[in-house]
Every structure is written in C-alpha cells, then in structure tokens.
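So the structure is just underneath, and the comments pick up after that.
Read-outs throughout are calculated quantities, based only on the coordinates presented, and are distinct from any laboratory measurement. Quick caveat, the model's predicted, so the values are computed rather than measured. In this analysis, Cβ positions are derived from the backbone assuming ideal geometry, glycine residues included, and neighbour counts consider all displayed protein chains.
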Amino acid sequence: MEKLLIILQQQPGGGFESILTSLLPFVLIILVFYFLILRPQQKRQKERQNLLSAIKKGDKVITAGGLHGTVEELTDKTVIVRVANNVNLTVERTSIATIKGVMEHEEPRK
C-alpha cells in the first residue's frame, strides 16, 4: 500500500502546461495550412469573381473550351460570344477563362 501511494505521488499532475504542449503542434499545423493553402485560394476566387463581373461588351475572351471570340451581349449568367461572322455562341459566364488584355499582356502583331 505504501508503494502505491509513493508511485501516485511521483506522477505529475498534468495541468495546463502539458495540455498546451500537446496541442501546440496541431495549432501550428492548422496555421500553416491556412496561410499556405486556404488564404491564397480565397484570394484567387475573389480575383476570378471580380474578373467575371468586369466583363463588358466588346471584350475579347477565351472560353474554358478554348474558343476565342468577342462579347456581344451579357446577362446575369450567360454571355453571347461572336466567334466568326454571323456565328454567335451563348456560353455561361463562369466558362470564360481569360479576357485578353486584362489577364495577359498581348504583343502587337507584326
């Protein structure tokens, strides 16, 4: 019985410090995950949303499917893109991948 009491008295009581030291690596991993993955992704989404809302008539665009054309009309969710003479396509606004001159620097043709 005396040996059991001695063993119980020698064990540390846990406390706040042991909880803090065991949780610290998890908190650091969460912070690194946030700043390296989540925050840049949110920034890209915001830039993409601003780009899609800035589309206007006459912009030269490239769709996600690779079609090049000029914006003829706009609605809330769709864009009518002229790809050739008398050829207009209705595409979703979210399928616009690039607006020429806004997202890339075009070199003048020779």
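Quick notes
- Cα gyration tensor shape for segment 56-99, rounded if a/c is under 1.5, else prolate or oblate: rounded
- Where a label projected 7 Å from the Cα of VAL87 along Cα→Cβ would reach, residues of segment 58-78 with amide N under 20 Å: 58-73
- 3J(HN,Hα) along segment 33-39: 4, 5, 6, 9, 10, 5, 5 Hz, from the Karplus curve 6.51 cos²θ - 1.76 cosθ + 1.60 with θ = phi - 60°, whole Hz, x for Gly and Pro.
- A simple spin-label model places the labels of GLU17 and THR78 6.9 nm from each other, with each point 7 Å out along Cα-to-Cβ.
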